[in-house]
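Take a look at the structure below.
The values are calculated or read from the model by the stated rules, or taken from the named source; none is laboratory data. Please read all numbers here as calculations on a predicted model, not as lab measurements. Don't worry about glycine lacking a Cβ; one is built from the backbone with ideal geometry, like all the others, and counts go over all protein chains shown.
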Amino acid sequence: MTSSSRIIALLLALLVAPSFAATTAQDELKRFVDGVQTLQADFTQIQVDDRGKQLSMTSGHMWLSRPGKFRWSYQKPYQQLMVCDGKKIWFYDNDLSQVTVRPVDATLRGTPADLLSQKATLSDGFNIEDGGMDGGNRLIRLKPKSQDSDFKAIELWLGAGGAPTRMKFLDQLGGNTDVSFSQIVTNKKIDDAQFRFTPPKGVEVIDGAAQ
């Protein structure tokens, strides 16, 4: 599973997460969960290594809808697309004219989304810490309880109305991936066609489940 798809799976997990017990940080997560049914936003994703050197910067637009649907469209510097209808995920690389299809359960295995599909809560897989207020947003830190996690910690900033404004994924090697959101729209109806994908004519289709 690629770094980008793991990040998207984690964000999806936060969208579909169930309610939490009442503490300050968990109340903010609960407000997000209970109050946000759909989410659309522009995003900028920056990846840096353990020395702080920027490795990549990508941007695009994303759509999320409960339960378990998303569309993550990379537009710059290259065009790639990930679409999930709740059962399958399509990874489309425009430059390669190639799409890989995988079942959701196999693709998200070992992520919080997998735990949530078993009706577990994020607090089962993560220690949740309140980072206080940061620039008008509530900072929440999620630290995996498992030693096998790809991430050392995840930092989540929640703004007005409980919508995420930023997420930062700190990996085990000292690098991180920072995702910032802008032009955020919540609870606006999203056409279900956004979460379906039909491969363009002539595109190679790869069955990821068979690999």
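Of all residues in segment 163-195, those satisfying the criterion of being surrounded by 13 or more Cβ atoms within 10 Å (Cβ to Cβ) and charged (D, E, K, R) are 166, 168, 171, 178.
Within the set 209, 193, the sole residue that is farther than 22 Å from residue 52 by Cβ, aliphatic (A, V, I, L, M) and modelled with pLDDT under 90 turns out to be 209.
Those residues that are hydrophobic (A, V, I, L, M, F, W, C) and not in a helix (DSSP H, G or I), I need them from segment 176-206; list them, please. Before the answer, list the steps.
Initially, segment 176-206 is screened for residues hydrophobic (A, V, I, L, M, F, W, C), giving 179, 181, 184-185, 190, 193, 195, 197, 203, 205-206.
Hits for segment 176-206 are 179, 181, 184, 185, 190, 197, 203, 205, 206.
Going through segment 110-128 one residue at a time, which ones are over 15 Å from residue 167 (Cβ atoms) and at pLDDT 80 or above?
As a first pass, look at segment 110-128 and keep what is over 15 Å from residue 167 (Cβ atoms): 110, 114-121, 123-125, 127.
Within segment 110-128, just 127 meets the criteria.
Tell me yes or no: at least one residue of segment 136-153 is of a type in the set (A, V, I, L, M, F, W, C) and out of contact with any Phe, Trp or Tyr (no Cβ under 9 Å at 6 or more places or on another chain).
Initial filter on segment 136-153 (of a type in the set (A, V, I, L, M, F, W, C)): 139-140, 142, 151, 153.
Among the residues that remain, those that are also out of contact with any Phe, Trp or Tyr (no Cβ under 9 Å at 6 or more places or on another chain) are: none.
Within segment 136-153, not a single residue is of a type in the set (A, V, I, L, M, F, W, C) and out of contact with any Phe, Trp or Tyr (no Cβ under 9 Å at 6 or more places or on another chain).
Selection within segment 146-175: residues that are touching a Gly at 6+ places or on another chain (Cβ under 8 Å) and assigned to a loop (DSSP other than H, G, I, E, B). The member of this set that is nearest to residue 133 (Cα to Cα) is 159. Only one entry in 97, 59 is more than 13 Å from the chain's Cα centre (by Cα) and at pLDDT 95 or above, namely 59.
Just name the residue that is farthest from residue 67 (Cα to Cα) out of those in segment 196-205 that are surrounded by 13 or more Cβ atoms within 10 Å (Cβ to Cβ) and hydrophobic (A, V, I, L, M, F, W, C). The extreme case among them is 203.
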